Each structure stands twice: as C-alpha cells, then as structure tokens.
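Novice: Quick one: structure below, then a few questions.
The values are calculated or read from the model by the stated rules, or taken from the named source; none is laboratory data. All of these numbers come straight from a predicted model, not from anything done at the bench. Cβ coordinates were reconstructed from backbone atoms using ideal geometry, including for glycine residues, and neighbour counts include every protein chain displayed. To get the accessible areas, we keep the full protein, side chains included, count just its heavy atoms, and leave off ligands, DNA and RNA. Shrake-Rupley method; radii C 1.70, N 1.55, O 1.52, S 1.80 Å.
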Amino acid sequence: MTGIEELVGRIEALQRRDLEAWIAEELVAPREEAGALVFSEMECARVRLICTLRYELDIEAGALPVILSLLDQLYDTRQQLMALTAAVAKQDEAVREAVLRGMGE
C-alpha cells in the first residue's frame, strides 16, 4: 500500500492537487487505513495511467471519466473472456470443437 506523499514522490509529473481532485471526482479510489489514504498497486497503476492521459497525451480533464469508464469496461470484458476461455478449456474435446464451430458462424 502506498500513501499520498509516497505516490506523489514516485510519479514525477504528478501534482498533489491533481491527485486530490481525482480522488474527489472518484477517478481513483484509495482506501483509508489508520486515518490516512493509501493506494493499492492497482490504484497506483490507475494514477499512472491518468497522468499519462492528462500530462503526456494532453487529454482534457472532462474527458477522463469517459475514457476511464471505457477502459474499465474493456478490462471487465477481458476478465470475462479469460474466465470463459478457461471454462471451455476444461470441457471435453467435442464441446470445445462445437464452441469453435459456433464462433465461426
């Protein structure tokens, strides 16, 4: 878990006021532990992504919620496809072949 100060220190371009705004806008969701906000590795990666979008790609702040929502949907779909792939792989060969044939239609 990473605190705000550590995160701001780790990411060169990140400004504390921007991070606080992203928390207020619920673009990132740190947890509270012992009265301090801390970020999981996943949330740290999300902050890095937002920094890239905002500072390097110059994406407007108002577009961030839309972009992040679409990326979240894409991630969820990927997780579902991975679970489906694993479930199909556990089936016998006839079922796997039927699924593959069905995908070709």
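Novice: Would you check if ILE50 is part of a loop (DSSP other than H, G, I, E, B) and either touching a helix residue (DSSP H, G or I) at 6+ places or on another chain (Cβ under 9 Å) or among the acidic types (Asp, Glu) (or both)?
Specialist: Numbers: part of a loop (DSSP other than H, G, I, E, B): no; either touching a helix residue (DSSP H, G or I) at 6+ places or on another chain (Cβ under 9 Å) or among the acidic types (Asp, Glu) (or both): yes.
It is false that ILE50 is part of a loop (DSSP other than H, G, I, E, B) and either touching a helix residue (DSSP H, G or I) at 6+ places or on another chain (Cβ under 9 Å) or among the acidic types (Asp, Glu) (or both).
Novice: Pairs under 7 Å by beta carbon, first residue more than 13 Å from MET42 (Cα to Cα) in the stretch 18-32, partner part of a loop (DSSP other than H, G, I, E, B), six or more apart or different chains?
Specialist: TRP22/VAL28; ILE23/PRO30
Novice: Please find, within the stretch 1-53, the residue that is nearest to PRO65 (Cα to Cα) out of those that are touching a Cys at 6+ places or on another chain (Cβ under 7 Å) and of a type in the set (A, V, I, L, M).
Specialist: Going residue by residue through the stretch 1-53, those that are touching a Cys at 6+ places or on another chain (Cβ under 7 Å) are 2, 7, 11, 13-14.
Now narrow it down to the ones that are of a type in the set (A, V, I, L, M): 7, 11, 13-14.
Values: LEU7: 21, ILE11: 21, ALA13: 20, LEU14: 18 Å.
Only one residue fits best here, namely LEU14.
Novice: So, one more: For the stretch 18-45, which positions are of a type outside the set (A, V, I, L, M, F, W, C) and open to solvent by 50 Å² or more (accessible area, probe 1.4 Å)?
Specialist: Restricting attention to the stretch 18-45, the residues satisfying the condition of being of a type outside the set (A, V, I, L, M, F, W, C) are 18, 20, 25-26, 30-33, 35, 40-41, 43.
Result: GLU20, GLU25, GLU26, ARG31, GLU32, GLU33, GLY35, GLU41.
Novice: I'm told ALA89 meets every condition in (1) in contact with a helix residue (DSSP H, G or I) (Cβ under 9 Å, 6 or more places away or on another chain); (2) surrounded by 10 or more Cβ atoms within 10 Å (Cβ to Cβ); (3) not aromatic (Phe, Trp, Tyr) except one. Can you identify the failing condition by its number?
Specialist: Failed condition: (2).
Novice: Pull out all pairs, ordered by first then second residue, where Cβ-Cβ is under 8 Å, the residues are six or more apart or on different chains, the first lies in the stretch 64-92 and is closer than 25 Å to MET103 by Cβ, and the second is surrounded by 11 or more Cβ atoms within 10 Å (Cβ to Cβ) and of a type outside the set (Val, Ile, Thr).
Specialist: Qualifying pairs under 8 Å: VAL88/ARG96; ALA89/ARG96.
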